[in-house]
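> Got a structure here, written out as structure tokens. Questions coming.
The values are calculated or read from the model by the stated rules, or taken from the named source; none is laboratory data. Bear in mind the structure is a predicted one, so any value in this text is a computation, not a measurement. Note: ideal-geometry Cβ built from the backbone for every residue, glycine included; neighbour counts use all protein chains shown. Ligands, DNA and RNA are excluded from the accessible area calculation, which covers all protein heavy atoms including side chains. Shrake-Rupley method; radii C 1.70, N 1.55, O 1.52, S 1.80 Å.
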Amino acid sequence: MYKVLIVDDQIDIRRMMNIVLSDNYALLEAEDGMTALNLVRQHKPDVVLLDIMMPGELDGLQVLQAIRNDPEIKDTCVIMVSAKGQVTDAALGMQMGANAYFVKPFSPLQLLAAIKEQLAKLDSVS
């Protein structure tokens, strides 16, 4: 079963994603960037759903940068899910290496489709 890490400081968002994804994926959750990065390094999830604005030492973009700079986890699929909805925000996320970018509020079905699309790419590579 594929592992998905949900990273968001808002429990309601994590809960909603959990409901949408729990039937098909093994889920991990984090509410801040440092915890998320530690979980990625420890559990090596297939997909990380990553918020940008979070409390603590690392925001989502810093977590993304740390993932892309670490040879052990650099190929992890990262889908940004953020309230930062300007075109420049999405462009920056993609430029930094995000595999996809969703603006809150988002369609859970579109997010699920994006996860399936990214996992299909992983399957075709292996």
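> State the number of residues belonging to region 15-49 that are outside any helix (DSSP H, G or I), crowded, with 18+ Cβ neighbours inside 10 Å and of a type in the set (Ser, Thr, Tyr).
1
> Testing Ile52 on (1) more than 12 Å from the chain's Cα centre (by Cα); (2) part of a loop (DSSP other than H, G, I, E, B), one condition comes back false. Which one is that?
Answer for Ile52: the failing condition is (1).
> Looking only at region 1-16, count how many residues are touching a residue at least 60 places away in the same chain (Cβ under 8 Å) and more than 11 Å from the chain's Cα centre (by Cα).
Total satisfying the criteria: 3.
> Going through Asn24, Asn38 one at a time, which residue ends up being out of contact with any Ser or Thr (no Cβ under 9 Å at 6 or more places or on another chain) and modelled with pLDDT of 95 or more?
It is Asn38.
> Same structure, new question: Conditions: (1) among the charged types (D, E, K, R); (2) touching an Asp or Glu at 6+ places or on another chain (Cβ under 8 Å); (3) open to solvent by less than 70 Å² (accessible area, probe 1.4 Å); (4) not in a loop (DSSP other than H, G, I, E, B). Asp9 meets all but one. Number of the miss?
In the conditions (1) among the charged types (D, E, K, R); (2) touching an Asp or Glu at 6+ places or on another chain (Cβ under 8 Å); (3) open to solvent by less than 70 Å² (accessible area, probe 1.4 Å); (4) not in a loop (DSSP other than H, G, I, E, B), Asp9 misses (4) alone.
> Being assigned to a helix (DSSP H, G or I), exposed (fewer than 13 other Cβ atoms within 10 Å of the Cβ) and at pLDDT 95 or above, is that true of even one residue in region 63-75?
yes
> Inside region 86-126, can you point out the residues that are part of a loop (DSSP other than H, G, I, E, B) and either of a type in the set (D, E, K, R) or surrounded by 13 or more Cβ atoms within 10 Å (Cβ to Cβ) (or both)? Walk me through how you get there before you give the answer.
The first filter runs over region 86-126 and keeps only residues part of a loop (DSSP other than H, G, I, E, B), leaving 86, 96-99, 104-107, 126.
Result: Met96, Gly97, Ala98, Asn99, Lys104, Phe106.
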